[in-house]
Amino acid sequence: MTAAASGLARRLGDILGADGVLTEAADCAPFLVDHLGRCRGRALAVALPRTVSEVSRLLALCETERIGVVPQAGNTSYCGGGIPDDSGRQLVLSLKRLNHIRALDAGNYSLVAEAGCILSQVQQAAEAAGRFFPLSIGSQGSCQIGGNLSTNAGGVNVLRYGMMRDLVLGLEVALPGGRVLEGLSTLRKDNTGYDIKSLFLGAEGTLGVITAASFKLFPQPQVRATALAALPDVRAAVTLLGELRAASGDRISSFELIPRAAIELTTRHIPGVTDPLPGGNEWSVLCELSSSRAAEPLDALLEEALAAALERGTVRDAVLTRSERERAALWKLRESIPEAQRHEGASLKHDISLPVVALPDFVARAAPWISANVPDGRLVAYGHVGDGNLHFNVSQLPGADRERFLARADGVRRAVHDLVREFGGSFSAEHGIGVLKVGELERYASPVELELMRAVKRAFDPHGIMNPGKVLRREAAAADA
Ligand code: MLT
Ligand code: ZN
């Protein structure tokens with residue numbers, strides 16, 4: 001360690017206690033690489049504060065010393081937002097010890113959680129009080145609330161409950177320089193000027209460190225009906241979504257597209273996953289209705305709606321789950337698609353969103369382009385079709401050369417994202433920008449948007465110490481942080 005680094009570690013130790021600062025290479029290592037192994041960095045140290053006051057004092061020190069701070073929650077992100085650069089001059093600020101549920105008010109349908117709480121911990125706290133916290137994503141057993149807030153996470157219940165932004169009532173945020181924004185309101189209505197908290201949601205730690213948040217809770221679903229329906233094409237998925245919304249009085253909470261390729265990958269790589277509808281159909285959807293009224297006959301409703309869709313030809317085949325075990329098996333198939341893709345080899349990932357009605361034409365243009373231009377890859381386009389969000393991924397074919405396949409990434413990204421723009425969509429639906437999509441943001445955001453984003457960054461973080469180089473490229477004046 002250099003003299004400067006050991007001086008800093010000592011001063012951090014004064015704030016955080018001896019066990020609150022990691023400097024040994026082996027201790028720091030897990031914080032310096034993302035879970036996909038795509039982004040790696042080095043750091044001066046890893047700080048493990050326990051309280052907002054410690055975070056605030058740490059940010060005051062880092063502002064004075066012009067040290068870049070990289071907030072990190074569960075480290076499950078896809079875009080490298082929580083990993084330091086390779087200068088070795090940044091500090092990783094792990095939120096894992098800020099992990100308490102501070103309050104839960106069942107009558108007010110609200111909960112206050114610290115940023116290092118694991119998502120499933122928040123879901124369970126709500127459930128224990130007879131309430132429901134609806135954010136649900138594949139990594140919920142390890143991702144942390146601070147990361148979910150900072151990337152405005154989505155997942156499988158967005159269709160009914162919205163994204164993370166829609167679930168937040170208030171935030172507590174430690175700002176560069178050490179001030180703390182104390183905004184843990186649990187009010188539903190509060191129109192008092194600019195919505196400052198909104199700026200931190202999706203900012204990926206570039207404006208300040210979210211240390212806690214107050215959330216909306218909902219009545220717990222008492223009854224669910226879940227089915228897998230095989231479809232002729234993506235247009236049928238959009239049609240079925242409309243039909244089910246109408247037939248169910250909008251009881252749909254999830255509507256997930258699953259292509260044949262994903263069923264083949266999950267059944268091949270994930271123990272216990274089987275194909276519930278063998279028959280070679282190219283596309284399926286996993287649809288789930290739910291209600292907090294126990295008496296609602298959702299199974300019958302879903303069965304009837306699917307039978308009618310079968311007659312009309314929207315659906316080719318369908319299976320309804322009859323037990324919690326069968327339901328869990330369907331969800332396992334869906335949620336293990338990313339893991340199965342990892343087992344298959346390298347993949348080119350595109351987290352795109354489009355107006356739902358544009359999805360069929362988009363896929364009809366983009367899928368043949370992939371077949372023609374990526375001979376060593378296979379399209380695995382799946383995801384939250386009910387929200388217009390597809391993970392338009394391409395998996396390396398077995399036996400293909402990994403490096404040659406990955407060398408196609410830039411060209412494929414350009415073609416896919418340009419087409420997304422042509423269809424009025426977004427190149428970043430729910431995984432954020434991090435470091436990997438900074439160039440994409442520069443390409444697709446308008447000059448006015450970029451100018452306003454840079455002005456916001458300068459206003460909150462004039463010395464550029466907060467997660468430098470993430471979301472926006474560093475500005476010259478902030479180059480030393
Ligand atoms: C999912 O919906 O499974 C994830 O957001 C996408 C992924 O893990 O690639
Ligand atoms: Zn997703």
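The values are calculated or read from the model by the stated rules, or taken from the named source; none is laboratory data. Everything numeric in this text was worked out from a predicted model, so none of it was measured. All Cβ positions, even for glycine, are placed from backbone atoms using ideal geometry, and neighbour counts span all protein chains on display. SASA here: full protein model, heavy atoms, side chains in, ligands and nucleic acids out. Shrake-Rupley method; radii C 1.70, N 1.55, O 1.52, S 1.80 Å.
About the centre of its Cα atoms, segment 42-163 shows a dipole size close to 100 debye [charges on the beta carbon of Lys, Arg (+1) and Asp, Glu (-1) only; nearest 20 debye].
What's the carbon and sulfur percent of the chain's accessible surface, probe 1.4 angstrom, rounded to a whole number?
51 percent
Sequence-distant contacts, meaning Cα pairs under 8 Å at least 6 residues apart, place the relative contact order of segment 200-332 at 39 percent.
Simple rule: put +1 on each Lys or Arg Cβ and -1 on each Asp or Glu Cβ in the chain, find the dipole, and look at Asn157, Ala174, Gln124; the Cα lying farthest toward the positive end is Ala174. In the chain, helical runs assigned H by DSSP with n ≥ 4 each contribute -39500 (n - 2.57); averaged across all residues and rounded to the nearest 500, the mean residue ellipticity at 222 nm is -10500 deg cm²/dmol. The residue list Gln396, Phe133, Met453 was ranked by how far each Cα lies along the charge dipole of the chain toward its positive end, using unit charges on Cβ atoms, and Met453 comes out on top. Please name which of Thr314, Gly208, Pro232 has its Cα lying farthest along the dipole of the chain towards the positive end, using unit charges on Cβ (Lys, Arg +1; Asp, Glu -1) and the Cα centre as origin. Selected residue: Gly208.
Kindly identify segment 234-330 as rounded, prolate or oblate by the Cα gyration tensor criterion: order the square roots of the eigenvalues as a ≥ b ≥ c, call it rounded if a/c is under 1.5, otherwise compare a/b with b/c, prolate if a/b is larger, else oblate.
In terms of gyration-tensor shape, oblate.
Each listed q (0.15, 0.17, 0.23 Å⁻¹) maps to a log10 I(q)/I(0) for segment 424-481 from the Debye sum over equal C-alpha point scatterers, namely -0.44, -0.57, -0.98. Loop-resident trypsin sites (Lys or Arg not before Pro) (DSSP state other than H, G, I, E or B) in segment 1-99 with no more than 11 further Cβ atoms inside 10 Å of their Cβ are absent. Please report the accessible area of Met1 (heavy atoms, 1.4 Å probe, ligands and nucleic acids excluded) in Å², nearest 10. Accessible surface of Met1 is approximately 140 Å².
Computed from the Kirkwood radius of its Cα pairs, the Stokes-Einstein diffusion coefficient for the chain at 25 °C and 0.890 mPa s stands at 104 µm²/s.
Among the trypsin sites (Lys or Arg not before Pro) found in segment 301-403, those both in a DSSP coil and sparsely packed, with 10 or fewer other Cβ atoms within 10 Å of their Cβ, are Arg322.
Assuming charge only on the beta carbon of Lys and Arg (+1) and of Asp and Glu (-1), the dipole of segment 224-293 about its Cα centre is about 220 debye to the nearest 20.
About its Cα centre, the chain has a charge dipole of approximately 540 debye under the convention of +1 per Lys or Arg Cβ and -1 per Asp or Glu Cβ, with nothing else charged. Using θ = phi - 60° in the Karplus curve 6.51 cos²θ - 1.76 cosθ + 1.60, the 3J(HN,Hα) couplings for segment 389-401 round to 9, 10, 8, 8, 9, 10, 9, 4, 6, x, x, 6, 6 Hz; x is entered for Gly and Pro.
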